[in-house]
1. For region 28-62, how many residues meet the condition of being over 19 Å from Arg112 (Cα atoms) and open to solvent by 60 Å² or more (accessible area, probe 1.4 Å)?
2. Which numbered condition trips up Thr65, out of (1) open to solvent by 50 Å² or more (accessible area, probe 1.4 Å); (2) part of a helix (DSSP H, G or I); (3) of a type in the set (Ser, Thr, Tyr)?
3. Looking at (1) of a type outside the set (Lys, Arg); (2) on the phi < 0 side of the Ramachandran plot; (3) touching a residue at least 40 places away in the same chain (Cβ under 8 Å), can you tell me which one Gly55 breaks?
4. Kindly indicate the residue of region 68-122 that is touching a residue at least 60 places away in the same chain (Cβ under 8 Å) and farther than 15 Å from Asn46 by Cα and also surrounded by the fewest Cβ atoms within 10 Å (Cβ to Cβ) among those meeting that condition.
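The values are calculated or read from the model by the stated rules, or taken from the named source; none is laboratory data. Keep in mind that this is a model prediction, so the values were computed, not measured. Cβ sites come from the backbone with ideal geometry, for glycine too, and all protein chains shown count toward neighbours. Keep in mind that these areas ignore ligands, DNA and RNA; they rest on the heavy atoms of the full protein, side chains included. Shrake-Rupley method; radii C 1.70, N 1.55, O 1.52, S 1.80 Å.
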Amino acid sequence: FRGNNPAFVTAAATLDAYWADGQMEKQTLARGEQVEQTLLAIAEENSDAGAQTRGRGLVWGMEFTDPARASAVCARAFGLGLLVETSGPESEVVKVLPPLTVSSEELDEGMRILAKAIRETG
């Protein structure tokens, strides 16, 4: 969008339309809670890996004590059809950033893939 005024205008109009009735905000909050609960359960199952979660809304991360594990999880998830990537000073965090328009079913599928990738790289 850098320096592209038509893109800014289009994005602003779209956000106005989506946010006007408050449904987008409610949906985002619900999906964020869905991600949070699922990641907490995954972290609990993988406490041996030192997996910890943090985030808010639809911006989440799962931190591993071993950066190599985070990279392996991303690679395995990609092989299973889910695009996630690492971040953090040592690339020790797996980022979970679903789109605002994600459905509950799509989110469940993505979280199942992530959980499987974590189990298979353990």
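1. Total satisfying the criteria: 3.
2. (2)
3. (2)
4. So the residue we want is Ser104.
Residue by residue, here is whether (1) assigned to a helix (DSSP H, G or I); (2) at pLDDT 90 or above holds:
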| site | (1), (2) |
| --- | --- |
| Arg2 | no, no |
| Thr10 | yes, no |
| Thr14 | yes, no |
| Tyr18 | yes, no |
| Asp21 | no, no |
| Gln34 | yes, yes |
| Thr38 | yes, yes |
| Glu44 | yes, yes |
| Arg54 | no, yes |
